[in-house]
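The values are calculated or read from the model by the stated rules, or taken from the named source; none is laboratory data. A quick note: this is a predicted structure, and the numbers were derived from the prediction, not measured. Counting neighbours? That spans all protein chains shown, and the Cβs are built from the backbone with ideal geometry, glycine included. Surface accessibility is based on the protein's heavy atoms, side chains included, excluding ligands, DNA and RNA. Shrake-Rupley method; radii C 1.70, N 1.55, O 1.52, S 1.80 Å.
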Amino acid sequence: MRIVIGVGAGIAAYKVCDLVRRLSESGHEIRVIPTPESVRFVGTATWEALSGHPVSTSPWDDVPSVPHVRIGQQADLIVVAPATADLLARSAAGLAPDLLGNVLLTARCPVLFAPAMHTEMWLHPATVANVATLRARGAIVLEPASGRLTGSDSGPGRLPEPAELAAVVARVLARGGLPPDLAGRRVVVSAGGTREEIDPVRFIGNWSSGRQGYAVAAAAAARGADVTLVAANTALPDPAGVRVVRVTSAADLREAMLPLAQAADAVVMAAAVADYRPAVRSAAKLKKTGGAPAPISLAENPDILRELAGPLRRPGQVIVGFGAETSDLLANGAAKLAAKGCDLLVVNQVGDGLAFGTADNAAEILAADGERVSVPRGPKENLADVIWDLIAVRLT
Ligand code: C5P
């Protein structure tokens, strides 16, 4: 595939060298177009050596080949990384002061922006508005990663790691040129399994690894959505381009989900949420008494999915639940779909090494409007894309 890498003037340009190397090694043909200011960080010789092509920042070089039109028209994907606040602003306004700006205007392929900047710049209302404009126009704008920035400060603004970015690029290309159908949509996904504390050292939990929910979140990001992932007790790396909120108990998950869901077009509840919690959390570690063990009395947790699909539902929202079942998938799934009031219910068989922690999953997806889709065993990423296909048609 022909991939154009547009490089903005941010220190994270150094990470993009590794991205270019990874993408060329995967067999893609890479053209790097740096902005004139960005070559202060990484020079054109580096990009020429890594891509194997001449590199220019200006539409006035090699004029007879009309590079500003040709490169954009021939590209299968444009990746802008790091996308600085200034470059996002220029792209949102359609300005073309350099070769990259021209190419962005002539290209009709998917465009993926990977922003990187200081947190203040990312959260500035101007940047927020520019990102919204680009997304509304169909661009994929990834959420920056959170963590240490150039100075001693930290927060959202880091460029995701090159391996993670390469994974997003692979997912976008795997869609075979289909437009990013979730661009401009805001979605919330829960993943993992809640833990309900008995005392400071013990909890009631479950075997959910979070892999299916992470795959759902990553798939939405590659399709252009603004994604928040609410992760309960997972040990997985943050997927690139996704905002991650960490929680522990069902109560924490509910507190995080409710306001996020209010602003979301779609909600996918992939987390395994405990139905019950210990009625009392002991402040001190419980001791063995020698006699009969003390029973743990339980209190019921609120059903978050039922609340989101019922009283808290926003008009036009699509709400998706998961059902982990050990038998009678279709009967149990139909009953759960009705009880929860959601639009789609993804039922999968669990236990005996199935679903929990594995790379593969199989599922029956039941819709409130009667549609039913069987997804055969395959990578969790595939199931994630089928779920988004079914959500996308219900959003329009
Ligand atoms: O009833 P069951 O726990 O099997 O339902 C599973 C679905 O309901 C999942 O989507 C899960 O995230 C959600 N759920 C919830 N709140 C609970 C229990 C389950 O949102 N207290």
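Quick rundown of the values:
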read-out	value
Which numbered condition R246 fails, given (1) touching a residue at least 24 places away in the same chain (Cβ under 8 Å); (2) more than 16 Å from the ligand (Cβ to nearest atom); (3) under 19 Å from the mean Cα position of the chain (by Cα)	(1)
From N361, N301, N348, residue being in contact with a strand residue (DSSP E or B) (Cβ under 7 Å, 6 or more places away or on another chain), over 14 Å from I391 (Cα atoms) and either more than 12 Å from the ligand (Cβ to nearest atom) or of a type in the set (G, A, S) (or both)	N361
Among the residues listed as A217, A274, the single one being within 16 Å of the ligand (Cβ to nearest atom), open to solvent by less than 30 Å² (accessible area, probe 1.4 Å) and within 30 Å of V128 (Cα to Cα)	A217
Residue satisfying condition, being assigned to a strand (DSSP E or B), touching a strand residue (DSSP E or B) at 6+ places or on another chain (Cβ under 9 Å) and at pLDDT 95 or above, within set V172, V189	V189
Residue list for segment 304-318, restricted to those being out of contact with any Cys (no Cβ under 7 Å at 6 or more places or on another chain) and within 12 Å of the ligand (Cβ to nearest atom)	I304, R306, E307, L308, G310, L312
Selection count, segment 319-330, where residues are more than 7 Å from the ligand (Cβ to nearest atom) and modelled with pLDDT of 95 or more	2
From the options V55, V42, residue that is more than 28 Å from P156 (Cβ to Cβ) and at pLDDT 95 or above	V55
Residue in segment 211-233 that is free of Cβ contacts under 8 Å to residues at least 40 places away in the same chain, within 23 Å of E307 (Cα to Cα) and more than 11 Å from the chain's Cα centre (by Cα) present	no
Subset of segment 216-236 (residues that are part of a loop (DSSP other than H, G, I, E, B) and closer than 26 Å to P200 by Cα)	N233, T234, A235, L236
Inter-residue pairs, beta-carbon under 7 Å, first on the phi > 0 side of the Ramachandran plot and in segment 371-383, second open to solvent by 80 Å² or more (accessible area, probe 1.4 Å) and modelled with pLDDT of 95 or more, 6+ apart	none
Subset of segment 46-80 (residues that are touching a residue at least 60 places away in the same chain (Cβ under 8 Å) and either open to solvent by 70 Å² or more (accessible area, probe 1.4 Å) or farther than 16 Å from A13 by Cα (or both))	I71, G72, Q74, A75, D76, L77
Residue within segment 82-97 that is surrounded by fewer than 21 Cβ atoms within 10 Å (Cβ to Cβ), within 25 Å of A384 (Cβ to Cβ), modelled with pLDDT of 95 or more and of a type in the set (G, A, S) present	no
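Each row is one residue, and each column tells you yes or no for (1) part of a loop (DSSP other than H, G, I, E, B); (2) crowded, with 18+ Cβ neighbours inside 10 Å.
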site: P315; (1), (2): yes, no
site: I319; (1), (2): no, yes
site: F322; (1), (2): no, yes
site: A339; (1), (2): no, no
site: C342; (1), (2): yes, yes
site: E364; (1), (2): no, yes
site: G370; (1), (2): yes, no
site: V373; (1), (2): no, no
site: P376; (1), (2): no, no
